[in-house]
1. Somewhere in the range 47-59, is a residue out of contact with any Phe, Trp or Tyr (no Cβ under 6 Å at 6 or more places or on another chain), surrounded by fewer than 17 Cβ atoms within 10 Å (Cβ to Cβ), among the hydroxyl-bearing types (Ser, Thr, Tyr) and assigned to a helix (DSSP H, G or I)?
2. From the list Glu24, Glu117, Glu31, exactly one residue is under 22 Å from Thr5 (Cβ atoms) and among the acidic types (Asp, Glu). Which is it?
3. Would you say Pro15 is part of a loop (DSSP other than H, G, I, E, B) and either on the phi > 0 side of the Ramachandran plot or not aliphatic (A, V, I, L, M) (or both)?
4. Hey, could you check the range 1-17 for residues that are within 22 Å of Lys82 (Cβ to Cβ) and in contact (Cβ under 8 Å) with a residue 40 or more places away in the chain and say which is surrounded by the fewest Cβ atoms within 10 Å (Cβ to Cβ)?
5. What are the residues in the range 34-46 that are loosely packed, with under 14 Cβ neighbours inside 10 Å and either in contact with a Leu (Cβ under 8 Å, 6 or more places away or on another chain) or under 18 Å from Ala72 (Cβ atoms) (or both), if any?
6. Anything in the range 31-68 that is within 15 Å of Leu107 (Cβ to Cβ) and of a type in the set (Ser, Thr, Tyr)? List them, or say none.
7. Cβ-Cβ below 7 Å, separation at least six or inter-chain, first residue in the range 66-90 and touching a residue at least 12 places away in the same chain (Cβ under 8 Å) and surrounded by 14 or more Cβ atoms within 10 Å (Cβ to Cβ), second of a type in the set (Ser, Thr, Tyr) and assigned to a helix (DSSP H, G or I): which pairs?
8. Kindly provide the set of residues from the range 16-33 that are of a type in the set (S, T, N, Q) and either farther than 18 Å from Met79 by Cα or touching a Phe, Trp or Tyr at 6+ places or on another chain (Cβ under 7 Å) (or both), ordered by number.
Amino acid sequence: MYNFTEMELQEALKPISSLISKSEKAQQKLEPETWQYKMLRDNLKALRYAAALITGDTQNKNEFTQGELHEALHADSSMISKVEKTQTKLLQGTSHHTLQQNRLNALRIMQSLIKKEMHLRYSS
């Protein structure tokens, strides 16, 4: 569950980086008080944290509190649910279906990495 090869991690970083970029662009078009803006803010925080875990950026990795790790896990679960729902509407074998599958794989790796970090930090 927690052990991934360097190649798997690098492959997961691509969709995560893409989601960060797309979310930042979408967020710029929204008013800060809207729920969509706040959702994207939470998703971006979780995605950036996952990128830090993958790249080993210890400065960003250590900034998260236990509560923020739980929030990141919640945001990730929400993104997984949305991608799964979207993917069911797409024809298997199409580029859109493959894109969603790659995102889904990356988000599941992200979920495992966050859980691993929580376990390492807070299990006694």
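1. Looking through the range 47-59, at least one residue is out of contact with any Phe, Trp or Tyr (no Cβ under 6 Å at 6 or more places or on another chain), surrounded by fewer than 17 Cβ atoms within 10 Å (Cβ to Cβ), among the hydroxyl-bearing types (Ser, Thr, Tyr) and assigned to a helix (DSSP H, G or I).
2. Being under 22 Å from Thr5 (Cβ atoms) and among the acidic types (Asp, Glu) holds for just one of Glu24, Glu117, Glu31, which is Glu117.
3. no
4. Once the filter is applied, the top-ranked residue is Lys14.
5. Gln36, Lys38
6. Scanning the range 31-68 gives a single hit, Tyr49.
7. What qualifies is Ala72/Tyr49.
8. Within the range 16-33, Gln27, Gln28 meet the criteria.
Every read-out reported here was derived from the displayed coordinates using simple, explicitly stated rules and does not represent laboratory data. Bear in mind the structure is a predicted one, so any value in this text is a computation, not a measurement. Heads up, the Cβs are rebuilt from the backbone with ideal geometry, glycines too, and the neighbour counts pull from every protein chain shown.
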